[in-house]
Amino acid sequence: MKLTEIQPAQGKLGVLLVGLGAVSTTFIAGVLAIRKGLSTPIGSLTQMGTIRLGKRTDGRSPRIADMFPLASLDDIVFGGWDIFTENCYEAARTAGVLEPALLDQIKPELEAITPWPAVFDQRYVKRLSGSNVKTGRNKKDLADQVVGDIRKFKAENGLDRLVMLWCGSTEVFLTETPAHASIEAFEQALERSDDSIPSSMVYAYAAISEGIPYTNAAPNLSADIPALVELAAKTGTPLAGKDLKTGQTLIKTIIAPGLKARLLGVEGWYSTNILGNRDGEVLDDPESFKTKEESKKSVLDYILQPHLYPELYGDVHHVVRINYYPPRGDNKEGWDNIDIVGWLGYPMQLKINFLCRDSILAAPIVLDVALFMDLAKRAGMHGIQEWLSFYFKSPQHAPELYPEHDLFIQLMKLKNTLRHMAGEELITHLGLEYYD
Ligand SMILES: NC(=O)c1ccc[n+]([C@@H]2O[C@H](COP(=O)([O-])OP(=O)(O)OC[C@H]3O[C@@H](n4cnc5c(N)ncnc54)[C@H](O)[C@@H]3O)[C@@H](O)[C@H]2O)c1
């Protein structure tokens with residue numbers, strides 16, 4: 001592939017957000033503030049990252065934003081759905097992540113973003129109820145209404161392209177059913193409002209039918225079912241997910257590859273969090289927590305590969321807890337206790353206490369994924385975008401593959417995919433030629 005084969009980022013990009021909560025409002029307010037020169041996009045690879053091209057001796061490390069035809073922040077228009085009627089300014093105040101002093105400087109722009117009525121059914125998010133909700137004959141009708149919202153938004157704002165991200169609450173744990181097996185079965189299930197189709201799948205179906213790149217920032221199944229992967233192939237739509245890799249799991253996927261690289265054994269990894277935002281409240285419901293727990297727990301198994309190293313990682317006691325604790329709001333505190341084993345079986349411990357800000361870590365990733373998904377679409381890439389695994393706790397992957405969780409392998413995959421798009425040599429880190 002060559003950069004000239006990628007359609008240019010002409011015109012405006014509409015970013016559709018399902019759920020205008022802490023993550024979405026922190027992302028939107030951040031982009032608006034950066035656009036006005038009030039702040040800097042720290043944590044964003046698309047805005048601050050560079051990419052090495054060619055040999056180490058070539059001295060070529062352009063900024064990703066300069067090298068690739070990404071949409072400019074100035075060309076982004078935001079739209080979204082929520083079950084609450086609060087506009088984006090009010091929702092950002094409710095979320096309590098960003099200081100009012102910053103929000104007030106972008107107040108008119110934030111107030112102009114008001115959520116469209118949501119597709120919502122409380123059976124899938126037990127702890128929430130809101131009034132800004134669509135009614136319809138069946139789930140197909142609700143999907144058609146979402147398509148209607150999207151087309152209206154596109155026309156009214158003169159948008160050229162769109163991307164959609166599910167930043168809504170974590171839905172209850174569901175597993176694949178026959179209704180998810182093919183588009184045909186799925187569309188019939190939509191018509192009869194089958195229970196195995198939660199709200200997030202209705203949005204995903206609407207986006208993918210329209211060829212709009214779809215990302216799932218939460219751990220619920222959403223587009224990670226054969227029917228929607230099949231639909232994405234048919235409509236040429238990129239897919240990415242699931243569950244943004246931010247606080248504790250980010251650290252886990254930084255530390256675990258290091259321990260494994262040095263063949264230090266792991267006997268146990270106990271992770272606990274306190275969190276007081278709405279996400280924490282939703283995750284206080286055991287069924288939503290189960291979805292999150294599955295997503296958080298899979299990481300270690302794949303990184304440590306116990307089947308290859310049974311004596312080091314064959315019996316890891318991995319425990320993940322999230323406790324809802326309102327005084328902390330979005331400022332999560334995580335503790336990890338890792339029981340490791342060294343030379344001759346001598347035990348050691350590693351303790352990590354991460355005082356993080358969930359949405360501050362999530363917002364730059366939402367921006368990167370939105371821009372990369374738009375790039376992928378213009379580059380003619382469709383289906384699961386495995387190169388964006390870097391951003392997710394449970395990377396969506398082809399059924400015959402295991403997902404890659406090691407952050408450093410994920411970054412190499414992402415950058416090599418960019419090099420591939422630019423027709424540049426892939427970097428293998430072999431480096432023998434420097435010593436010939
Ligand atoms: N903050 C992080 O670091 C992080 C990391 C990984 C994943 N996530 C996930 O991202 C999602 C958003 O997190 P948050 O902190 O912004 O949560 P939040 O509770 O502040 O926001 C979620 C919003 O989604 C809305 N919503 C729920 N169901 C909806 C529906 N069917 N249609 C439209 N809107 C709907 C809610 O009303 C709420 O306003 C959660 O699922 C969370 O688990 C967050």
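The values are calculated or read from the model by the stated rules, or taken from the named source; none is laboratory data. Computed from a predicted model, the values in this text were never measured in an experiment. Using ideal geometry, Cβ is built from the backbone for each residue, glycine included, and neighbour counts are taken over all protein chains shown. Heads up: the accessible areas ignore ligands, DNA and RNA and are worked out on the full protein's heavy atoms, side chains in. Shrake-Rupley method; radii C 1.70, N 1.55, O 1.52, S 1.80 Å.
Of all aspartates and glutamates in the structure, those lying under 16 Å Cα to Cα from LYS297, and not within fewer than 8 positions of it along the same chain, are ASP243, GLU267, GLU287, ASP315, ASP336, GLU404, ASP406.
Result for the chain in a Gaussian network model with C-alpha springs under 10 Å: among ARG56, ARG151, ARG278, the largest mean-square fluctuation is at ARG56. With all protein chains in place and ligands, DNA and RNA left out, the 1.4 Å accessible area ranks HIS317, HIS180 as HIS317, HIS180, largest first. Taking all protein chains into account, the per residue accessible area for segment 1-145 stands at 46 Å² (1.4 Å probe). With coordinates expressed along the principal axes, the C-alpha atoms belonging to the chain extend over 66, 51, 50 Å, beginning with the largest. Counting only protein heavy atoms and a 1.4 Å probe, tell me what percentage of the chain's accessible area is made up of carbon and sulfur. C and S fraction of accessible area: 53 percent. For segment 194-310, the average shadow cast by the Cα convex hull is 9.5 nm², which is a quarter of the hull's surface. When nucleic acids and ligands are ignored and a 1.4 Å probe is applied, LEU275 ends up with an accessible area of around 0 Å².
Placing a pseudo-label 7 Å from each Cα along the Cα-to-Cβ vector at ARG321 and GLU281 gives an inter-label distance of 2.3 nm. For the listed peptides 15-23, 373-381, 221-229, 321-329, a ranking on the average number of other beta carbons within 10 Å per residue, highest first, reads 15-23, 221-229, 373-381, 321-329.
In the context of the full set of protein chains, residues of segment 263-308 present 40 Å² of accessible surface per residue (probe radius 1.4 Å, heavy atoms only). With the charge dipole of segment 326-403 set up from +1 on Lys and Arg Cβ and -1 on Asp and Glu Cβ about the Cα centre, the Cα lying farthest toward the positive end among the listed residues LEU344, PHE354, ALA398 is that of PHE354.
Temperature 37 °C, viscosity 0.692 mPa s: under these conditions the Stokes-Einstein estimate for segment 316-419, based on its Kirkwood radius over C-alpha pairs, is 193 µm² per second.
For segment 354-412, the C-alpha radius of gyration divided by 2.2 N^0.38 Å, with N the number of residues, is 1.24. Its relative contact order, with pairs defined as Cα atoms under 8 Å and 6+ residues apart, puts the chain at 20 percent.
Whenever you get a sec, line up THR170, THR94 from highest to lowest accessible area (probe 1.4 Å, protein heavy atoms).
Final ranking, largest accessible area leading: THR94, THR170.
Using the Kirkwood radius over Cα pairs, work out the Stokes-Einstein diffusion coefficient for segment 36-150 at 37 °C and 0.692 mPa s, in µm²/s as a whole number.
183 µm²/s
Taking the chain as a Gaussian network of alpha-carbon nodes connected by springs under 10 Å, the highest mean-square fluctuation of the residues SER394, SER200, SER298 belongs to SER298.
Comparing GLY247, GLY80, GLY158 in a Gaussian network model of the chain, where Cα atoms under 10 Å apart are tied by springs, the biggest mean-square fluctuation is seen for GLY158. Under a straight-distance cross-link criterion of Cα-Cα below 28 Å, which lysines are reachable from LYS2, leaving out those fewer than 8 residues away in the same chain? Qualifying lysines at Cα under 28 Å: LYS12, LYS55, LYS234, LYS377, LYS413, LYS415.
Excluding ligands, DNA and RNA, the accessible surface per residue across segment 350-436 is 45 Å² with a 1.4 Å probe.
In straight-distance terms, cross-link reach from LYS292 covers every one of the lysines whose alpha-carbon lies under 21 Å from its own, apart from those fewer than eight places away in the same chain; here that gives LYS126, LYS242, LYS245, LYS252, LYS332, LYS393.
Descending by average beta-carbon neighbour count within 10 Å, the peptides 417-423, 49-55 line up as 417-423, 49-55, the highest first. Spherically averaged projected area of the convex hull of Cα atoms, segment 255-303: 4.1 nm². Peptides 131-141, 356-366 ranked from most to least packed, by the mean per-residue count of other Cβ atoms within 10 Å: 356-366, 131-141.
Between LEU411 and THR94, take the C-beta separation as r, use R0 = 41 Å, and let me know the FRET efficiency to the nearest 0.05. Using R0 = 41 Å, I get an efficiency of 0.75.
Semi-axes of segment 122-267's equivalent ellipsoid from the Cα gyration tensor, sqrt of 5 times each eigenvalue, largest first, rounded to whole Å?
Numbers: eigenvalues 196, 69, 55 Å².
Largest first, segment 122-267 gives 31, 19, 17 Å.
About the centre of its Cα atoms, the chain shows a dipole size close to 720 debye [charges on the beta carbon of Lys, Arg (+1) and Asp, Glu (-1) only; nearest 20 debye]. Think of it as helices only: each DSSP H run of n ≥ 4 in the chain is worth -39500 (n - 2.57), and spread over all residues that comes to -11500 deg cm²/dmol at 222 nm.
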